[in-house]
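Every number here is computed from the coordinates shown, using simple stated rules; none is lab data. Given the structure is predicted, the values throughout are model-derived calculations rather than measurements. A quick note on method: Cβ atoms are made from the backbone with ideal geometry, for glycine too, and the neighbour counts reach across all protein chains shown.
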Amino acid sequence: MATTSDIVIRLDEIEQLFNAPAVNPYSDKSVNVYGESALTRASRRLLAQPGRGANDARLVIKLPPNKITPGLQQATVEAVRRYTDARIEDNELSMRLSRRLGLVGLLLAILVSLAAIGIFTLLLAGPFAGASEVVRGWLLAFVGILSWVALWDPLSKLLFEWVGPWLHNGILRRIQAMPIVIEPQGE
């Protein structure tokens, strides 16, 4: 019997744990209504409610009685382990790629910014040497905005893009640690 801290998932087929069914708003099962896999849905719920699924929680999978076979629970535990391991590895690759792209982008942005500053300095020493303070101010503002725009995306990748996959890995590790129980629907 499920407790209040358990994550309860009602499915038509065990495959819906990993594979998204077709969207069906007429169904009484959330995986069918949303059209996403049960583990994706459970991960999102756990991510949105950090205290949920703590310590004593179990992952309770409710299936029609005729879909429960001998050995299904052990096979499901192993499949969840393989799936979460693969997703964790994929998230770690995404984080590394994001950092790498962010660093390369940051280096390019710094080069663009330095080039813009160099051109600005040459313009002020040459054709705009006698320009008014307003024109010089506009040129300075243009260089500042150009530098800011060039730096924005690489800095965003470095500072923020890793957070989503990192949080998801924490949820996947919590799911790995949860006992998995398969129960017939209707209990």
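Of G118, G170, G102, the residue with the greatest mean-square motion in the GNM of the chain, using alpha carbon springs below 10 Å, is G118.
Of the complete DSSP H runs in the chain, those spanning 24 angstrom or more by Cα along the long axis with a mean Kyte-Doolittle score not below 0.5 are 72-125, 133-159.
Taking amide H as placed 1.01 Å from N in the peptide plane, D12 has no amide H partner under 5 Å among residues 5 or more places away or on another chain. For A20, nonlocal amide neighbours, meaning residues 5 or more places apart or on other chains whose placed amide H falls under 5 Å from its own, are S37. Highest GNM mean-square fluctuation among P21, P165, P127, for the chain modelled with Cα contacts below 10 Å: P127.
Relative contact order of the chain, taken over Cα pairs closer than 8 Å and 6 or more residues apart, is 32 percent.
Computed about the Cα centre, the dipole magnitude for the chain is approximately 240 debye when only Lys and Arg (+1) and Asp and Glu (-1) carry charge, each at its Cβ. In this structure the amide hydrogen of I182, modeled in the peptide plane, comes within under 5 Å of the amide hydrogens of I61, none closer than 5 places in sequence on its chain.
Under the simplified labelling scheme, the Q176-L72 pair shows an inter-label distance of 2.6 nm, with each label point 7 Å from Cα along Cα→Cβ. For the peptides 106-114, 11-19, the ranking by mean Cβ contacts within 10 Å, running from highest to lowest, is 11-19, 106-114. In this structure, E92 and F142 have a Cβ-Cβ separation that, at R0 = 41 Å, corresponds to a calculated FRET efficiency of about 0.50.
Name all residues of segment 130-155 having a backbone nitrogen under 12 Å from the label point set 7 Å from the Cα of L108 along its Cα→Cβ direction, giving them as ranges. Residues 150-151, 153-154 qualify, since their backbone N sits under 12 Å from the label point.
Comparing the chain with the 2.2 N^0.38 Å rule of thumb, its C-alpha radius of gyration ratio is 1.64 (two decimals).
With a Förster radius of 25 Å applied to the C-beta separation of N19 and V163, the computed FRET efficiency comes to 0.35.
For segment 94-166, the Stokes-Einstein estimate of translational diffusion at 4 °C and a viscosity of 1.567 mPa s comes to 95 µm²/s, using the Kirkwood hydrodynamic radius over alpha-carbon pairs. When each of the peptides 31-38, 42-49, 93-100 is scored by the mean number of other C-beta atoms lying within 10 Å of its residues, the order from highest to lowest reads 31-38, 42-49, 93-100.
For segment 94-166, the residue among S147, L114, L158 whose Cα projects farthest onto the positive side of the dipole built from Cβ charges is L158. Each residue, I119 and Q49, gets one label point 7 Å from its Cα in the Cβ direction; the gap between the two is 5.5 nm.
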